[in-house]
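Here the structure is laid out as structure tokens; the discussion comes afterwards.
The values are calculated or read from the model by the stated rules, or taken from the named source; none is laboratory data. All values derive from a computational prediction rather than experimental measurement. Using ideal geometry, Cβ is built from the backbone for each residue, glycine included, and neighbour counts are taken over all protein chains shown.
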Amino acid sequence: GYLCPNEFIATQGPLPGTVADFWRMIWETRTKTIAMLTQCFEKGRIRCHQYWPEDNKPVSVFGDIVITKLTEDVRPDWTVRALRVEKVS
């Protein structure tokens, strides 16, 4: 967590206009794990903008934060991705 091991941040998935803010929060709080509890598209509605690099593009830039997908392990019920988060100035 941010101040001690048992703390966490609960937030909605980012929207297209808030993805850079989402990653700035991740950077500023030195977040190590993101647990997404929904799918991007669920019950006929967009629930969350995809905030990690797309399959055909291993790097995405959101504001001054660069996200690189290092690994992706897709399972029937969940996916685990390792991402590198860097700030450019």
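If you take the residues of the stretch 38-89 that are out of contact with any helix residue (DSSP H, G or I) (no Cβ under 8 Å at 6 or more places or on another chain) and of a type in the set (S, T, Y), which of them is surrounded by the most Cβ atoms within 10 Å (Cβ to Cβ)?
The extreme case among them is S60.
Give the residues of the stretch 34-62 that are modelled with pLDDT of 95 or more and over 21 Å from A10 (Cα atoms), sorted by residue number.
P53, V59, S60, V61
Output the residue which, of all residues in the stretch 12-33 that are part of a loop (DSSP other than H, G, I, E, B) and under 21 Å from R84 (Cβ atoms), is modelled with the highest pLDDT.
Residue satisfying both the conditions and the ranking: P14.
Please list, ordered by first then second residue, the pairs with beta carbon atoms under 8 Å, 6 or more apart or interchain, first in the stretch 62-89 and over 15 Å from I34 (Cα atoms), second assigned to a loop (DSSP other than H, G, I, E, B) and among the acidic types (D, E).
These pairs meet every condition: K87/D64; V88/D64; S89/D64.
Failed condition for W27, given (1) over 18 Å from S89 (Cα atoms); (2) in contact with a Lys or Arg (Cβ under 6 Å, 6 or more places away or on another chain), with all others met?
That leaves (1) as the condition not met.
Out of the stretch 23-39, which residues are within 20 Å of G63 (Cβ to Cβ) and not aliphatic (A, V, I, L, M)?
Selection gives W23, R24, W27, E28, T29, R30, T31.
Right, T68: on the phi < 0 side of the Ramachandran plot and part of a strand (DSSP E or B) or not?
Against the criterion (on the phi < 0 side of the Ramachandran plot and part of a strand (DSSP E or B)), T68 qualifies.
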